[in-house]
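The values are calculated or read from the model by the stated rules, or taken from the named source; none is laboratory data. These figures come from a predicted structure and were not determined experimentally. So basically every Cβ, Gly included, is an ideal-geometry build from the backbone, and we count neighbours across all protein chains shown. SASA here: full protein model, heavy atoms, side chains in, ligands and nucleic acids out. Shrake-Rupley method; radii C 1.70, N 1.55, O 1.52, S 1.80 Å.
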Amino acid sequence: MSSSEFPSFLSPRLSPQIDSDNADDASVLKPSPINLDRTLPPTIISPSFTPDTVPSTPVPIPVISTPQPSDGLPDVLPEVECVVRARIPTTSGTEIFLHLYKNNMDDKEHLAIVFGNTIRSKSLDRAREGETEMDRMIRGAYVGRLYPGRQTSREDQKNGEEDTAKDTATLVRIHSECYTGETAWSARCDCGEQLDEAARLMSKENEGIVVYLRQEGRGIGLREKLKAYNLQDLGADTVTANILLRHPADARSYSLATAILLDLDQTEIRLLTNNPDKIAAVEGKHREIKVRERVPMVPIAWRMNSGGIRSKEVEGYLKTKVRTACL
């Protein structure tokens, strides 16, 4: 069948190609001109997008091409301990298990949002001196599901929750806290949208981990972040605003995320990110974790004609992220 016989509403099949103007960001794609009717106007070409399910062939991250860790990564990972875990039924119908961590680096309550009931915390399950079976169940160190009248934390798993062999590495998103984007409906960033997209993808697999780090505003805190917003209204971009406030362009650290993933027994993962540089930071200086694949996250507004966050502020924010590889 020739192309003239296809309905007029069908778009041509296109092969993605890295945009030379953004060669450092492998997530920015443009249509390849190969086999493309050159008479077609460029406006009908749809951008690449994240499909409804996790891509079956996401961008692979070969071991030999992993960026070398910088000197800024710590030689020794922080010490982390999961102090409590609880089942959270969600409005979408998916159940998650919220793990709360303490560490020896700060006094913040970092979290692991775990999809599915097969991923376990080694520090949570560890026996503690003097605790009773009820103590273990109250802090979430139980097997299977809780129910009224349950007496022991160690009884056999119920409802077919036996461990099964995995064919693929766990899908993981390292997400930094963003009060304005997640709670205050901000259109200055796409942080809330990214968190929702990570949850959607992990819900479809019924497995995954969002490591939720309390490092608001790229690590500068909410107070300084609000000052940065005022500087942005005065004409500065995200990075410049942080620098004008005498902060690093990006003060975030991912060593806590690495330690939390190891506590959850995750040594091989698929990393949900647009930033290839984040791979080395999550793997750790001594590559305690191996990132097998990088799964890109394309903003909804870039892949659909409607929906997503659309504003002058978020457009500038995303351009800065692409330019500085901070997605």
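For region 255-268, name all the residues that are touching a residue at least 24 places away in the same chain (Cβ under 8 Å), at negative phi and part of a loop (DSSP other than H, G, I, E, B).
Leu264, Gln266
For region 128-142, state whether one or more residues are of a type outside the set (A, V, I, L, M, F, W, C), open to solvent by 60 Å² or more (accessible area, probe 1.4 Å) and closer than 29 Å to Asn206 by Cβ.
no
Pairs under 7 Å by beta carbon, first residue closer than 12 Å to Ile113 by Cβ in region 202-220, partner among the polar types (S, T, N, Q) and part of a helix (DSSP H, G or I), six or more apart or different chains?
none
Before we move on, is Ile113 β-branched (Val, Ile, Thr) and either crowded, with 21+ Cβ neighbours inside 10 Å or touching a Gly at 6+ places or on another chain (Cβ under 9 Å) (or both)?
yes
Are any of the residues in region 96-104 open to solvent by 40 Å² or more (accessible area, probe 1.4 Å), more than 23 Å from the chain's Cα centre (by Cα) and free of Cβ contacts under 8 Å to residues at least 24 places away in the same chain?
Scanning region 96-104, I find no residue that is open to solvent by 40 Å² or more (accessible area, probe 1.4 Å), more than 23 Å from the chain's Cα centre (by Cα) and free of Cβ contacts under 8 Å to residues at least 24 places away in the same chain, so the answer is no.
If Leu234 satisfies all but one of (1) buried (at least 16 other Cβ atoms within 10 Å of the Cβ); (2) at pLDDT 90 or above, what's the number of the condition it fails?
All conditions pass for Leu234, except number (1).
Filter region 76-89 down to residues that are touching a helix residue (DSSP H, G or I) at 6+ places or on another chain (Cβ under 8 Å) and of a type outside the set (A, V, I, L, M, F, W, C) and give me whichever is most open to solvent (accessible area, probe 1.4 Å).
Ranking the candidates gives Glu79 first.
Can you tell me which condition Gln266 does not meet? The list is (1) over 26 Å from Lys102 (Cβ atoms); (2) surrounded by fewer than 20 Cβ atoms within 10 Å (Cβ to Cβ), and all the others hold.
Condition (1) is where Gln266 drops out.
Evaluate region 170-182: report whether one residue or more is assigned to a loop (DSSP other than H, G, I, E, B), open to solvent by less than 10 Å² (accessible area, probe 1.4 Å) and either at pLDDT 95 or above or not small (Gly, Ala, Ser) (or both).
If we filter region 170-182 for residues that are assigned to a loop (DSSP other than H, G, I, E, B), which is where we start, we get 177-178.
When the remaining residues are screened for being open to solvent by less than 10 Å² (accessible area, probe 1.4 Å), the result is 178.
This time we only want the ones that are either at pLDDT 95 or above or not small (Gly, Ala, Ser) (or both), so: 178.
Yes, region 170-182 contains at least one residue that is assigned to a loop (DSSP other than H, G, I, E, B), open to solvent by less than 10 Å² (accessible area, probe 1.4 Å) and either at pLDDT 95 or above or not small (Gly, Ala, Ser) (or both).
Looking for whichever is at pLDDT 95 or above and assigned to a loop (DSSP other than H, G, I, E, B) here; the options are Glu81, Glu161, Glu131. Which one fits?
Just a single option satisfies the conditions, and that option is Glu131.
Mind listing whichever residues of region 201-224 are surrounded by 21 or more Cβ atoms within 10 Å (Cβ to Cβ) and either basic (Lys, Arg) or on the phi > 0 side of the Ramachandran plot (or both)?
Gly208, Gly217, Arg218
Test Arg252 against the stated conditions and say whether it is of a type outside the set (Asp, Glu), open to solvent by 50 Å² or more (accessible area, probe 1.4 Å), assigned to a loop (DSSP other than H, G, I, E, B) and under 19 Å from Cys191 (Cβ atoms).
Answer is yes for this residue.
What number of residues within region 271-280 satisfy the criterion of being open to solvent by 20 Å² or more (accessible area, probe 1.4 Å) and either under 25 Å from Ser123 (Cα atoms) or part of a loop (DSSP other than H, G, I, E, B) (or both)?
1
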